[in-house]
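Heads up: the structure comes next, in structure tokens.
The values are calculated or read from the model by the stated rules, or taken from the named source; none is laboratory data. Just so we're clear, the structure is a prediction, and the values are computed from it rather than from any experiment. Cβ placement follows ideal geometry from the backbone for every residue including glycine, while neighbour counts extend to all protein chains displayed. The protein model used for the area step is the full one, side chains on, heavy atoms only, and it has no ligands, DNA or RNA in it. Shrake-Rupley method; radii C 1.70, N 1.55, O 1.52, S 1.80 Å.
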Amino acid sequence: MTRVTQRTTALAQMPRAELLENWQKLLGAEPPAHISRDLLARAIAHKIQEKEYGGLDKSTRRRLRALARTLETEGSLPTTSGPILKPGAKLVREWHGRTYRVVVLEEGFEFEGRRYRSLSKIAREITGAHWSGQRFFGLLQNERSPSNGKAP
């Protein structure tokens with residue numbers, strides 16, 4: 001049994017007072033007032049594993065921040081997140097005989113020298129109609145092709 005496994009397994013038998021002490025040591029703060037014993041133990045186990053094996057990578061942390069902002073501003077999250085685009089990726093779309101290029105940024109997109117938070121806003125800018133930005137740029141698969149020139 002590894003040291004991490006031993007430490008995390010021991011949490012199940014640990015008295016609540018000892019769990020609270022571990023939380024304080026590992027996270028450097030007081031736990032939420034009404035946190036359940038189970039959630040307390042799970043959070044401590046996660047922190048133990050994170051310290052031993054490493055935390056989330058940069059792109060995952062960036063994606064989580066973006067989701068948090070969306071939830072904060074819009075009150076909900078999209079049901080499908082679609083593909084994860086890496087900064088620097090270029091999206092190209094031809095529309096009515098003109099080619100449009102979008103660059104993926106760390107947070108958002110650049111189109112014609114301006115920053116946008118969503119592809120849908122860029123698609124609306126290009127077409128004048130409401131589009132799913134991911135569908136418009138061919139990032140989602142469905143029965144209609146985005147190249148047919150018609151908004152869904």
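Identification of strands (runs of 3 or more DSSP E) wholly contained in the stretch 87-146 with 3 or more residues that are in contact (Cβ under 8 Å) with a residue 12 or more places away in the chain and either charged (D, E, K, R) or open to solvent by less than 70 Å² (accessible area, probe 1.4 Å) (or both) yields 90-95, 98-105. Scanning the stretch 78-118 for residues that are out of contact with any strand residue (DSSP E or B) (no Cβ under 6 Å at 6 or more places or on another chain) and under 15 Å from S132 (Cβ atoms) yields a count of 8.
Are any residues in the stretch 67-86 out of contact with any Phe, Trp or Tyr (no Cβ under 9 Å at 6 or more places or on another chain), surrounded by 13 or more Cβ atoms within 10 Å (Cβ to Cβ) and of a type in the set (A, V, I, L, M, F, W, C), and if so, which ones? Correct list: L67 only. Annotation note: of L39, L64, the sole residue that is part of a helix (DSSP H, G or I), open to solvent by 60 Å² or more (accessible area, probe 1.4 Å), closer than 23 Å to F137 by Cα and not small (G, A, S) is L64. Among residues of the stretch 17-35 being in contact with a helix residue (DSSP H, G or I) (Cβ under 9 Å, 6 or more places away or on another chain), outside any helix (DSSP H, G or I) and not β-branched (V, I, T), the one that is most open to solvent (accessible area, probe 1.4 Å) is E30.
Among residues of the stretch 22-38 that are under 16 Å from K51 (Cβ atoms), those with a Cβ under 9 angstrom from a residue that is of a type outside the set (A, V, I, L, M) and in a helix (DSSP H, G or I), sequence gap 6+ or separate chain, pair up as N22/K47; W23/K47; L26/K47; L26/K51; L27/K47; A29/W23. Per the conditions (1) over 30 Å from W131 (Cβ atoms); (2) without any contact (Cβ under 8 Å) to a residue 40 or more places away in the chain, the sole criterion not satisfied by Y53 is (2).
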